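Structure, as structure tokens:
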């Protein structure tokens, strides 16, 4: 169970890791409180979404099959929006990035980066709820730890190359958008 949770956690956390890095690239002056809030929100969504996926598939397994193909488009749209706004911020040389400007955007990022975790929860529906909960907690903690590392690394890199960092962050969001659409 631990290996399953850790493996899923590493895989599921990659989008949140990239977004965390991009956020802190754009805001190298980010305070520790905001940094840990971002990591916490991503970890929380990565914990809750597999559980929601598991519960959802238990109750409406027939109708989810019709919705599942469209989930990647929702995630791609979120990443495209974030890429556009970070690029706008870089071009206009705004000091504060849209990507980390407010709790609303942070929640959108949390949802966008955890849609895969929701889908992964579909595979838990045959497991006892207690096992699904433990696996989800491992995924969330793994995400939190990786995001903290990404936020510190991005902060350091962003302070060295401030304006270029926003273009790099834009590239990361575009890559995540393409990844969602291509399915790799």
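Using the basic label-point model (7 angstrom from Cα toward the beta carbon), what is the residue 88 to residue 34 distance in nanometres?
The two pseudo-label positions are separated by 1.8 nm.
Along the Cα→Cβ direction, 7 angstrom out, place labels at residue 58 and residue 44. What is the inter-label distance in nm?
With each label point 7 Å from Cα toward Cβ, the separation is 2.3 nm.
Taking a ≥ b ≥ c as the square roots of the Cα gyration tensor eigenvalues, with a/c under 1.5 meaning rounded and otherwise prolate when a/b beats b/c, else oblate, which class fits segment 127-181?
It is oblate, given that a/c is not under 1.5 and a/b is not larger than b/c.
Taken together, the values in this text are just the output of simple stated rules run on the coordinates, not laboratory data. Only a predicted model underlies this, so the values are computations on that prediction, with no experimental measurement involved. Neighbour counts run over all protein chains shown; Cβ positions are idealised from the backbone, glycine included.
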